[in-house]
Structure formats: C-alpha cells, structure tokens
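This report concerns only the one structure given below.
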Amino acid sequence: MNRPALIALAALLVGPMALRAQDTTTTPGVRLGLSYESGTKPGVIVLPVQDDDRDSLRTIVQRDLDYSDRFTVIDLDAETLRGMTPSAGQKINFPLFAKFGAALLVRMTPTSQGLHVAAYDVARGQLLQSEHFLFDRRDRDWRFALHGVSDQIEAWTFGKRGIAQTRIAYVINGELKIVDSDGAETRAITTGRGVLSPAWSPSGEAVVFTVLGNTGTQVQELDVKTGKTRRVSQIRAGLNITPVYQPNGNGILYARGTGNGTDLVFASMDSTEPKRITIGRGTDNTSPSYSPDGTQVAFISGRSGSPQVYIMDADGSNVQLLTPYKPGVRSYRASPDWSPDGRAIAYEQQNGNFQVWMIDLRDRVPKQLTSEGENEDPSWAPDGRHLVFTSSRGGDKQLWIVDTESGRARQLTHSKGARLAAWSPILANPEVGSYSQ
C-alpha cells in the first residue's frame with residue numbers, strides 16, 4: 001500500500017484524534033527547547049489561520065497555551081497581525097515579532113489532509129519544530145483533536161506535553177458529567193441520579209463512582225466508550241464510597257462501612273471478594289488516593305479524634321499521620337489527592353470555611369492555596385501543577401482551576417451546583433473521552 005493510502009487509512013482508524021504524521025519539512029538546525037530568559041514565561045504569538053473565517057482554530061490554541069500558565073500569550077489586533085504575517089514564500093521578520101515580546105511564533109496552515117503546524121524560535125530566527133496533524137473540522141470531536149496540537153506545541157517548547165487534551169468529570173444534581181479542560185463541550189455520561197465521587201481509570205477508558213440507592217451506596221464502574229456499567233461493590237446494602245483505581249489499573253480501592261466503623265477495602269479486577277486494608281477499630285477511614293507508583297495510599301481517618309490525612313503502605317502497614325494535629329485543637333481535613341509527580345498531596349481543610357491546601361512530602365509544610373469563598377475537593381491535573389476544585393467564590397458552587405505555582409485561578413463551569421471533580425489523564429486516544437449524550 002502506498003504512503004497516501006496509508007495516511008488515508010490511518011485517518012479512518014483514528015477518527016478525530018490529532019495524529020502526528022512524520023514531518024517531511026525538517027530543516028537543519030531544528031532543535032527541542034525554546035530560547036528564552038530563564039525564570040520568565042515566554043511570549044507567544046499565534047498567527048491567523050488561512051481560510052478560518054471565525055478564527056476559532058487560533059482562538060482555541062491561544063486559550064490552551066494561556067491556560068497552561070507557562071506562556072504569555074500576545075494577542076495582537078487583526079490589523080497589526082495582517083501587516084506582520086508573511087505571505088507564502090516570504091521570510092518571517094523575526095526582529096519585528098521580537099519587538100512585541102514574542103519568543104515563540106506559531107503558524108498553522110490547513111492542508112488537504114489536516115493541519116500543518118510550525119513553531120519558530122524568534123530569538124534564534126529559526127524553525128523550532130513542525131509536524132503535520134491529521135485533522136478534520138467535520139469530525140464531531142475536532143476541538144478535542146486541536147487540544148492535542150496545543151499540547152504538542154508545549155512539548156516542543158518545554159520538553160513536556162501540555163494538559164489541554166484532558167477532561168474533567170464532575171457531579172451536578174446527582175448526575176455525572178464531563179467537560180473539556182477549557183470549559184467547553186459539557187456532556188452527561190450517566191442518565192440516573194445519586195452519583196458521587198467519580199475517579200478516572202489510569203487509561204481514561206473508564207470512570208468509577210458511587211451511586212446512592214434505596215439500600216445504601218454502591219460502587220460502579222462505567223466504560224466511557226460503550227456506556228456499560230458494572231457493580232464493583234459486592235455487598236448489596238450498606239455504605240460503599242470514595243472509590244479510586246490502583247495506578248496499574250488492576251483493582252479498585254474504596255471505603256466500606258460496617259457496624260464497626262468504615263474501612264478501606266481493595267477489589268481486584270479478577271476477584272469477587274474485596275480485601276480489607278485498614279483496621280479502623282470503630283473509626284471511619286475513607287477517601288483513598290494512591291501515590292503514582294502505587295506503593296502508598298493517602299486517606300482520611302478519624303482515629304486521632306478528628307478527620308486527618310494519613311499515609312500508609314498500599315497493604316495497610318506503616319500508617320503515619322501526615323497533617324499537623326494537636327489534641328484538643330479543632331481541625332478537620334478531608335479529600336486528599338496525591339499529585340501525579342508524587343511530590344505533594346492536596347486536601348481540604350476547615351478553618352471557618354473549607355479551603356484547599358497542599359503539603360509537600362519532602363518538608364511536610366502545609367501551604368494554603370485558596371482563601372476566597374469556600375473551596376473543597378481538589379483534584380490534580382496530569383501536570384502536577386494545576387488543581388480543579390469546587391468553589392463558592394462566585395456565589396454558587398462551581399468548578400475552578402488554580403495554578404499552584406502562580407496562584408492564578410479561572411472558572412471552569414457555569415452551572416450551579418457543580419462539585420466533586422476528577423481530572424482525567426491525558427486522553428490522546430480518540431476512542432477515549434468521545435461520549436454520546
């Protein structure tokens with residue numbers, strides 16, 4: 001089969017995914033990493049896209065790069081950009097772009113098979129990287145495919161892929177929904193009510209959650225491609241809550257209530273009988289979160305007298321109190337989430353209102369991340385830098401995102417009552433995250 005036929009076949013197989021084809025325009029001197037002043041956010045200019053009347057391609061990529069909190073997006077007016085944009089065959093006037101503060105210049109050109117994207121190092125006056133992406137605006141999920149282009153631009157610049165091609169699951173009015181990382185394309189993925197505590201599988205192909213019914217709460221798993229569900233908890237009555245996946249995807253850890261408190265139990269994918277992990281002796285042990293390597297678990301326990309964050313080995317041994325606690329001093333900590341880079345744990349803490357905190361596991365010094373309104377239930381992005389959480393700062397409970405390095409916050413949802421968010425892994429597979437209502 002010839003090369004054009006292979007590319008056409010690949011396009012049919014991958015659907016809306018931005019598949020990177022081998023670049024045939026490699027220029028001598030192409031390099032990984034951008035030239036810019038250390039400790040600063042490099043300025044980026046995204047040029048207008050030919051034949052894109054609504055300019056939506058440029059707008060989405062600009063927004064993605066802005067939301068990464070690693071760039072300063074220079075959004076020039078259309079008249080200025082028209083005078084700066086070179087025509088086909090013309091050389092780029094790099095000194096002119098440098099005068100506007102640009103360190104990176106992005107040019108997207110539609111082709112018969114997709115989108116050619118080139119990124120230029122303005123300081124060096126040369127091509128940084130370029131690739132061709134299979135891309136079709138007629139596809140239902142074209143916006144999500146374009147997020148993959150933004151993420152690749154970030155990889156060219158910093159050597160690490162971005163997080164635009166992710167989604168966030170959350171609960172609203174008892175229903176489970178998902179939304180793109182930029183706040184667009186909200187979709188329901190369950191039809192019933194009573195959903196709580198969603199968590200993504202490591203592959204992003206499934207979501208596990210709790211369902212409130214007449215006989216208590218049960219843990220269920222949803223295949224996001226097929227929409228099929230299966231029951232994880234085997235006890236048909238009682239309390240079964242706060243499930244999470246083991247990082248290797250081989251099992252699910254959740255809290256099960258008995259007549260003698262609540263303990264964490266582990267249900268492997270090939271076993272019907274969950275294994276008890278904690279021994280709470282009448283206390284409540286809930287809200288587990290695995291370390292990225294799966295060797296440890298953070299969880300909430302009231303064994304000290306009030307809910308605090310603990311860590312333990314994955315088999316339940318070596319339990320340690322993580323959050324500072326003084327007997328007799330009122331405190332309440334909940335909803336821990338272990339960062340994907342393994343360096344910190346985020347949680348909520350009540351000091352009057354609930355606020356989002358994080359604790360660095362090297363020095364174990366807590367750091368408050370929010371202060372405006374009431375803020376709860378943090379969940380890490382795959383970059384280990386951003387957190388999504390529920391906040392009342394706008395008057396109603398909505399999902400917000402904060403950059404833990406700069407403190408910059410942005411509102412994600414605009415529907416009253418959004419809560420209990422869970423950030424997905426990077427969803428580069430087109431079959432993952434493509435849901436029908």
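Residues checked against (1) more than 26 Å from G407 (Cα to Cα); (2) out of contact with any Leu (no Cβ under 6 Å at 6 or more places or on another chain); (3) open to solvent by 10 Å² or more (accessible area, probe 1.4 Å):
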site: V309; (1), (2), (3): no, no, no
site: A314; (1), (2), (3): yes, yes, yes
site: T323; (1), (2), (3): no, yes, no
site: K326; (1), (2), (3): yes, yes, yes
site: G342; (1), (2), (3): no, yes, yes
site: N351; (1), (2), (3): no, yes, yes
site: V356; (1), (2), (3): no, no, no
site: D360; (1), (2), (3): no, yes, yes
site: D363; (1), (2), (3): no, yes, yes
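Just checking, how many residues over the stretch 222-243 are open to solvent by less than 30 Å² (accessible area, probe 1.4 Å) and either in a strand (DSSP E or B) or on the phi > 0 side of the Ramachandran plot (or both)? Quick ask: steps written out before the conclusion?
Within the stretch 222-243, the subset open to solvent by less than 30 Å² (accessible area, probe 1.4 Å) is 222, 224, 232-233, 240, 242-243.
Adding the requirement that they be either in a strand (DSSP E or B) or on the phi > 0 side of the Ramachandran plot (or both) leaves 222, 240, 242-243.
Residues flagged as open to solvent by less than 30 Å² (accessible area, probe 1.4 Å) and either in a strand (DSSP E or B) or on the phi > 0 side of the Ramachandran plot (or both) within the stretch 222-243 amount to 4.
Could you grab me the full set of residues in the stretch 49-67 that are touching a strand residue (DSSP E or B) at 6+ places or on another chain (Cβ under 9 Å) and part of a loop (DSSP other than H, G, I, E, B)?
Residues satisfying the conditions are V49, Q50, D51, D52.
Please find, within the stretch 123-144, the residue that is modelled with the lowest pLDDT out of those that are assigned to a strand (DSSP E or B) and buried (at least 17 other Cβ atoms within 10 Å of the Cβ).
Among residues in the stretch 123-144 that are assigned to a strand (DSSP E or B) and buried (at least 17 other Cβ atoms within 10 Å of the Cβ), the one modelled with the lowest pLDDT is L134.
Determine if the stretch 284-299 includes at least one residue that is under 24 Å from R167 (Cα atoms), in a strand (DSSP E or B), open to solvent by 20 Å² or more (accessible area, probe 1.4 Å) and free of Cβ contacts under 8 Å to residues at least 24 places away in the same chain.
Checked against the condition, which is being under 24 Å from R167 (Cα atoms), in a strand (DSSP E or B), open to solvent by 20 Å² or more (accessible area, probe 1.4 Å) and free of Cβ contacts under 8 Å to residues at least 24 places away in the same chain, the stretch 284-299 yields no hits at all.
Taking the options R281, R303, R362, name whichever one is among the basic types (K, R), in a loop (DSSP other than H, G, I, E, B) and within 28 Å of the chain's Cα centre (by Cα). Let's see the steps before the verdict.
On the way: R281 fails: within 28 Å of the chain's Cα centre (by Cα); R303 fails: within 28 Å of the chain's Cα centre (by Cα).
One residue alone meets the criteria, R362.
Among the candidates L399, L420, single out the residue that is within 16 Å of the chain's Cα centre (by Cα), open to solvent by less than 10 Å² (accessible area, probe 1.4 Å) and in contact (Cβ under 8 Å) with a residue 24 or more places away in the chain.
Numbers: L420 fails: open to solvent by less than 10 Å² (accessible area, probe 1.4 Å).
After applying the criteria, what remains is L399.
When the stretch 176-203 is examined, which residues are found to be charged (D, E, K, R), modelled with pLDDT under 95 and not in a loop (DSSP other than H, G, I, E, B)?
Selection gives R187 alone.
If you check I163, I168, which single one turns out to be among the β-branched types (V, I, T), at pLDDT 95 or above and either open to solvent by 20 Å² or more (accessible area, probe 1.4 Å) or not in a strand (DSSP E or B) (or both)? Steps first, please.
Values: I168 fails: either open to solvent by 20 Å² or more (accessible area, probe 1.4 Å) or not in a strand (DSSP E or B) (or both).
Within the list I163, I168, the selection yields I163.
Output the residues belonging to the stretch 322-352 that are modelled with pLDDT of 90 or more and over 20 Å from the mean Cα position of the chain (by Cα). Break it down stepwise before answering.
Residues of the stretch 322-352 modelled with pLDDT of 90 or more: 322-323, 332-350.
Result: L322, T323, Y332, R333, A334, Q349, Q350.
Is one or more of the residues making up the stretch 100-115 charged (D, E, K, R) and free of Cβ contacts under 8 Å to residues at least 60 places away in the same chain?
Pass one, the stretch 100-115, residues charged (D, E, K, R): 107.
Those left that are additionally free of Cβ contacts under 8 Å to residues at least 60 places away in the same chain: none.
Scanning the stretch 100-115, I find no residue that is charged (D, E, K, R) and free of Cβ contacts under 8 Å to residues at least 60 places away in the same chain, so the answer is no.
Among the listed residues P28, P4, which satisfies the condition of being part of a helix (DSSP H, G or I), surrounded by fewer than 19 Cβ atoms within 10 Å (Cβ to Cβ) and at pLDDT below 85? Even if it seems obvious, please write down each step before you answer.
Numbers: P28 fails: part of a helix (DSSP H, G or I).
Every option except P4 fails the conditions.
Return yes or no: is R107 under 20 Å from L427 (Cα atoms) and surrounded by 16 or more Cβ atoms within 10 Å (Cβ to Cβ)? Lay out the reasoning, then the answer.
Values: under 20 Å from L427 (Cα atoms): no; surrounded by 16 or more Cβ atoms within 10 Å (Cβ to Cβ): yes.
Against the criterion (under 20 Å from L427 (Cα atoms) and surrounded by 16 or more Cβ atoms within 10 Å (Cβ to Cβ)), R107 does not qualify.
Tally the residues that are open to solvent by 50 Å² or more (accessible area, probe 1.4 Å) and either free of Cβ contacts under 8 Å to residues at least 60 places away in the same chain or under 24 Å from S301 (Cα atoms) (or both), restricting the search to the stretch 200-219.
To start, the set of residues in the stretch 200-219 that are open to solvent by 50 Å² or more (accessible area, probe 1.4 Å) comprises 202-203, 205, 212, 214-215.
Within this subset, residues satisfying the condition of being either free of Cβ contacts under 8 Å to residues at least 60 places away in the same chain or under 24 Å from S301 (Cα atoms) (or both) are 212, 214-215.
Of the residues in that region, 3 qualify.
What tally of residues in the stretch 389-405 results from selecting those that are modelled with pLDDT of 95 or more and among the small types (G, A, S)?
Of the residues in that region, 2 qualify.
When the stretch 68-84 is examined, which residues are found to be in a loop (DSSP other than H, G, I, E, B) and surrounded by fewer than 17 Cβ atoms within 10 Å (Cβ to Cβ)? So that I can check it myself, show each step before the final result.
Keep residues of the stretch 68-84 that are in a loop (DSSP other than H, G, I, E, B), which gives 68-71, 74-77.
If the condition is that a residue be in a loop (DSSP other than H, G, I, E, B) and surrounded by fewer than 17 Cβ atoms within 10 Å (Cβ to Cβ), then D75, D77 are the ones that fit.
Only residues in the stretch 63-79 that are of a type in the set (G, A, S) count as the first member; pair them with residues that are outside any loop (DSSP other than H, G, I, E, B), Cβ under 7 angstrom, at least 6 apart or cross-chain, and list the lot.
Within 7 Å, the pairs are S68/E154.
The values are calculated or read from the model by the stated rules, or taken from the named source; none is laboratory data. Since we're looking at a predicted model, the values are computed, not measured. No Cβ is skipped: glycine too gets one built from the backbone with ideal geometry, and neighbour counts run over all protein chains shown. Please note that ligands, DNA and RNA were not included when accessible areas were found on the heavy atoms of the full protein model with its side chains. Shrake-Rupley method; radii C 1.70, N 1.55, O 1.52, S 1.80 Å.
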